[in-house]
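I have placed the structure first, in the form of structure tokens, so that the comments after it can refer back to it.
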Amino acid sequence: MTPTIERGPEGGFAVGPIDGLLNLARKHSLWYLLFGTACCAIELMQTGGPRTDTDRFGMVFRSTPRQADVLVLAGTISYKMASRIRLLYDQMAEPKYVIAMGSCANTGGLFQESYAVVKGGDLFLPVDVYIPGCPPRPESLCEGLMLIQQKIEREPWLKKAWGKYKSDKPDPMPTEGCEPLR
Amino acid sequence: MTEVLQSTPDREELILNMGPHHPSTHGVLRFIVHTDGEIMRKAVPDVGYLHRGLEKIAELQTYPGYMPFTDRINYLEVMFTNMAYATAVEKLLGTEVPPRAEVLRVLVCELNRIASHQITLGCITMDLGAFTPFVHLLRERERINDLMEALCGNRLTFNYMRIGGVSQDVPDEWLKQLEAFLDHFEPVIDEFDSLISYNEILIKRMGEVAVICAEDAVGFGLVGPNLRASGVDWDVRRDLPYGAYPQMDFQVPVGMGEKGTVGDCFDRFIIRVEEMRQSCKILRQCLANLPEGDIKAKVPKMPRPPKGEVYSCVEGARGELGVYLISDGTPKPYRLKWRTGSFAGLSIIEHISRGLMIADLVAVIATLDVIAPEMDR
Amino acid sequence: METLSNYIADYLELSGLAREILYAVLIVAVAAGVFMVALTISGLLTLAERRVAGRIQSRVGPNRVGPLGLLQWLADGLKLIMKEDLVPAAADGPLFRLAPYLVIVGVFAAFVSVPFGQLLIAADLNVGVIYLLAITSLVTVGVLMSGWASNNKWSLLGGIRAAAQIVSYEVPAVLAVLSVVLLSGTLSMQGIIAAQGGWPWHWYLFHNPFTFLAFFLYFTAAVAEGNRTPFDLPEAESELVSGYNTEYSGMRFAGFFLGEFANIYLMSAIATTLFFGGWQIPGVTPEQQATSWGLQLVGLLIFVAKASIGCFVVIWLRWTFPRLRVDQLMSVCYRYLVPLSLLCLAANAVYMLLIPAGSMIDRIIHYGTAAFGGLVGLIFLWRVFHHIRSVGDRLDLNVLARGQKGRFDPRIQARRYGKFRKKRYSKETG
Amino acid sequence: MTTASKEICKKLADKLGVVLDFREEAGDPWALIPAERWKQACLTARDEPELSFNFLRSLCGVDRPDDGVIEVVAHLFSYQHRHALVIHTNTDRSASRLESVSSVWPAAIWHERETFDLFGVDFTGNPDLRRILLPEDWVGHPLLKDYEEPDSYRGIPTTRPGYEKKKFGPQLKKPAPKKPAPKVEKKPEGGEAPKGTAGSAEQK
């Protein structure tokens, strides 16, 4: 595995190789948050389980958002839960990524007619990767995580870090997020 | 920091917010824990973080059209929710289910029960700090997932049953695979026992902890393994037989207070281990006498049950799983209500939590086997 | 160190000031060296933990970064450095920032007097044992501080649990160590090793039944001090989210993480020194070893191997046992470990008083204990291999779908694990 | 089943001293209890040795806008006698109020809370009557047939952009008597963690 050397407008000669090395490290250490809301949570567990062992790629779960890099929106999100998820996201340290796992987190899925379900995680979070399926197989989730890895590989990290931390996705709730919780 | 201490009305009481994102709350479930140091004054559950309005959705769907939604009532015991709903509609319609379909239903239900208990037992051990048994059970669960996937094309939300029968017939090859799985899995239960069930620390953590007496269990409407752990010998499969269960021969494990008092956490734990064995037994019987014939009764495409109401229950992995269905003669249900084990199971926590420690609360939640979608629907 | 400095200074014919500067530079260099060694060891241990856990759980574990995943810890470290440096708004800033350093300093400074080899020790202090016990207590302060400063109730609970636990378990650990100190008559780590021999029956572990017991007391207490399962209450994942380090992210979290793993190695190293004869090579006297570079290297390898086995056992325990409850934890300490360790200390003193060293009775007890310990070890190993054989290698590779059987035989397994089922069924019928 | 239910009903009616409206349609038969005798009927059903319904299977509401009532339905079961009973009662739709049976079966506390949450039935005497499934600041009771979904909740749109919004509820046959806007009572000790418990990770 050789570091990807990018000579893009952001990278340039000096930062390119270092960026490549740093990104190589970052992409192999994606820690995801141990958090699932519904059906997909079971598949999330199975993904960490023996057959689709995500630990091979250096992906382990952490139980606190402070130490997690990836937030996997696993399952249906109700309005009551949405503000909490937003809070979890805000508590994560940059750089952070969001995977919408399953139809419910993508668009609300089966629950279009429901009065209590958020119609898609991207209505309140900047989502990086969408995984279809109801629920997606562990292999799909693995692929989703690998897409995040590919995304990390392409990031001009040093330049961005010197500036400020910001996801390249527009944040649907750019202000303080949801209303403060009681 | 002082702010935290001052925030509590009673200066000797610490109010902890546990969840909805907490590693031991299994999905989205929240407790407001009033503690005095490590010892709890009370724990007040706060549910609804996965409320999806499935009962309202039922009023907008036709009878067969609601079947996929029943999968999401409880993603760990999909077959049971399917079956509860299907039997409710069949009762209203007065449909006779063919015998092969009945046995197939029992077969997939018991397989699903094993899968569900695997997650439960794994979560119990994980919450008590032992991570490995959980992963071992996940590994075994993958095999059931394989079988289910071969049968109905999905690993988790099977949508296998139909009103009047089941959707797919099983090939012989699948039955052989199931037998191979049973040969494999029955020793694994023993292995699980020797690995963790009788581990001294686990017994110390669960024996004599959070004892629920039979009276409380009945009063709070606990069902299934939780009720049986309290010493009430009641199983819907045996006592209000439905489907093909009258033909089956199985034992109903009841809490014996093996390592403490009847109704403690250990009883709730070990009963589930026993139930997996009994499920294997039922599965073998299903394999031995699977009748030939149709798998689906003749049911109109758009059934219009007569005006009336019905309550139908099955014994799910978390106990009595009931559907209360009101029909007004149209193709859509007028009202549908799910009666689930977790909802009742959780309501007892506030009652029994006083005097437990925070670590015990984790054991209680895990052994009561509450699961968010079933409570919130 | 001073001799080395003097030697170089004499060789270069340096003046007074230059000597002092050289000495300071050497000290910094050695400190940096010790730090790097400790860092590498703890990094590799994180990897080892994940690999071992993977195998225990029929998984593979990290294997993508570098050969066999050997560079995984570097990737994790680099990533953690690059994470945003978060300090919660409500946290007590200075304390919050300071806490991880105390943990790191407390653990890593202890590596100064770990005798990796006969000559390979940064500082052979004449109070080595006391120094080790004292400096590692900084960890308690760090952990408690982190729990307090995070302004999070879970962290606070974790910090308080940690403080109570570490302080309590310090008592049996110290008493168990004192038994050895009593026997060897020195507090220096090298001195304790030199008082033992290369062969197992020369180790303090098998010196008499009470040291044998003392080792287990020390090891249990050390596992508890290192916050490892079954005593990992301060960071009990399912109870306290992540315990005292809940609010920590990025590099500060890495500090706690590395500190924890360095602590594992440290306690294994101390156990090796005190009970397992350290770097002593069987059949080679320390005088012979001092003359040869090759033997020094062998000694180093022996020490590292012994300590690694200890680390493996700790990791093994972690992935096997459930966790104790707080009150049970305390009762284990004060009801059993403390009285037993006091007994050990007293019995060792009486032993030294009554039985003259080198006498026939002394030797009989030596060899008897060694034989007994060896037997226990063999039975244990036999049981372990028995279980491994009966379960087989069960990496889940979708065996069922391929229509193959796994390598294990269900019949053998049923025979071996059937006793629980039999017990239960007999109870039901009877 | 039917005859058994009828006999049980008769026994219950005898004890209560009222004539119960017993209905048999397709499926399970049920008995209609006058709302003012609701708690008494439940107590009798539990305590009478011949009935001894010790298990409250479920308690739920059914909205009947055409009749202007919200029905409350309880499913009872007895482990001793292995018999079941379904009892209904009607409450006025515009001001639905019913005596709580939480002192009869503790399980009823949560079932009543759920019915209050989804239907707005006010159970007097329930020790902990507040919303259970929906957030505290939710407006309306969604399982009522005339519930209408708002356009957004806390800044999150309730329809996905580009999708057509689906209206709720089956068409009402005739305009139902409008239920007054519910007033969610804020309990001072709502069990909510007070402010300033800030920490992290939802562990706040």
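How large is the convex hull of the C-alpha atoms of region B:125-197 per residue, in Å³? Don't jump to the answer; show the numbers that get you there.
On the way: hull volume 8.1 nm³, N = 73.
In region B:125-197, the Cα convex hull volume per residue is 111 Å³.
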Helix B:265-288 sits off the longest principal axis of the Cα atoms of chain B, rounded to the nearest 10 on a 0 to 90 degree scale, by 20 degrees
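Give me the 1.4 Å probe accessible area per residue for region A:33-158, excluding ligands and nucleic acids, in Å². Don't skip to the end; give the middle numbers.
Working: 2440 Å² over 126 residues.
That works out to 19 Å² per residue.
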For the pair D and C, how large is the buried accessible area, both sides, in square angstrom to the nearest 100, if the probe is 1.4 Å?
500 Å²
Quick check: Cα centre of region B:182-261 to Cα centre of region C:219-263, how many Å?
35 Å
Asked for the total accessible area buried by B and C (1.4 Å probe, Å², nearest 100), one would answer 4900 Å²
Region A:33-158 - Rg (one decimal) and Dmax (whole number), Cα, Å:
13.8, 45
Only sites in a loop by DSSP and with at most 12 other Cβ atoms within 10 Å count here; which trypsin sites (Lys or Arg not before Pro) in region C:228-310 make the cut?
none
So which of B:LYS296/B:LYS332; B:LYS337/D:LYS145; B:LYS91/B:LYS337; A:LYS119/D:LYS145; D:LYS11/D:LYS39 end up more than 19 Å apart, counting from Cα to Cα?
B:LYS296/B:LYS332; A:LYS119/D:LYS145
Which angle from 0 to 90°, rounded to the nearest 10, does the C-alpha axis of helix B:358-368 make with the longest principal axis of chain B?
10 degrees
If you fit an axis through the alpha-carbon atoms of helix B:78-93 and take the longest principal axis of the Cα set of chain B, what angle between them do you get, 0 to 90°, nearest 10?
50 degrees
If eta is 1.306 mPa s and T is 10 °C, what Stokes-Einstein diffusion coefficient results for region B:7-376, Kirkwood Rh from Cα pairs, in µm²/s?
75 µm²/s
Computed over region D:2-172, Cα set: Rg, Dmax in Å
18.2, 61
Candidate span helices, chain C: DSSP H, at least 30 Å along axis from Cα coords, Kyte-Doolittle average at least 1.6, result C:293-318
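What does the net charge come to around C:VAL314 if you take all other residues with beta carbon closer than 10 Å to its beta carbon, with K and R at +1 and D and E at -1? Don't jump to the answer; show the numbers that get you there.
On the way: positive: C:ARG228, C:ARG318; negative: C:GLU49.
Combined, the nearby Lys, Arg, Asp and Glu give +1.
Roughly how much accessible area, to the nearest 100 Å², goes out of reach of solvent when C and A pair up, both sides summed, probe 1.4 Å? It would help to have the intermediate numbers written out before the result.
Working: alone 22890 and 10280 Å², together 30300 Å².
About 2900 Å² of accessible surface is lost on pairing.
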Quick one: check the C-alpha center-to-center distance for region B:150-173 versus region C:69-148, whole angstrom.
56 Å
Rounded to whole angstrom, the alpha-carbon centroid of region B:96-144 lies from that of region B:285-336 at a distance of 23 Å
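Determine Rg/Rh for the protein assembly as shown; Rg is computed over alpha-carbon atoms and Rh is the Kirkwood hydrodynamic estimate from the same atoms.
For the protein assembly as shown, the value is 1.01.
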What average number of partner chain Cβ atoms lie no more than 10 Å from the Cβ of the residues making up A:123-131?
1
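Can you give me the % of accessible surface on chain C that is carbon or sulfur? Probe 1.4 Å, all protein chains present, nothing else counted. List each step's numbers first, then the result.
Details: 13640 of 18840 Å².
The value for chain C is 72 percent carbon and sulfur by accessible area.
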Spherically averaged projected area in nm², based on the convex hull that wraps the Cα atoms of region C:2-354
20.5 nm²
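May I ask you to work out the translational diffusion coefficient for region D:4-47 at 20 °C, viscosity 1.002 mPa s, via Stokes-Einstein with Rh from the Kirkwood sum over Cα pairs, reported in whole µm²/s?
200 µm²/s
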FRET efficiency estimate (nearest 0.05) - Cβ-Cβ, D:SER52 to C:LEU70, R0 51 angstrom
0.15
How much mean residue ellipticity at 222 nm does the protein assembly as shown get from its helices, if each DSSP H run of length 4 or more adds -39500 (n - 2.57) and you divide by all residues, to the nearest 500 deg cm²/dmol?
-15500 deg cm²/dmol
Accessible area expressed per residue, region D:2-172, with surrounding protein chains retained (probe 1.4 Å, Å²):
39 Å²
Radius of gyration and Dmax over the Cα atoms of region B:1-155, both given in Å:
21.1, 69
With R₀ set to 51 angstrom, the calculated FRET efficiency between the beta-carbons of B:MET302 and C:TRP382, to the nearest 0.05, is 0.15
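Give me the 1.4 Å probe accessible area per residue for region C:33-122, excluding ligands and nucleic acids, in Å². Write down the numbers at each step before the final one.
On the way: 3460 Å² over 90 residues.
The answer is 38 Å² per residue.
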Under a 1.4 Å probe, counting only protein heavy atoms, C:GLU20 has an accessible area in Å², nearest 10, of 120 Å²
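The values are calculated or read from the model by the stated rules, or taken from the named source; none is laboratory data. It should be emphasised that the depicted structure is a prediction, and the values quoted were computed from it without experimental measurement. No Cβ is skipped: glycine too gets one built from the backbone with ideal geometry, and neighbour counts run over all protein chains shown. Side chains are part of the model used for accessible areas, which takes the heavy atoms of the whole protein and leaves out ligands, DNA and RNA. Shrake-Rupley method; radii C 1.70, N 1.55, O 1.52, S 1.80 Å.
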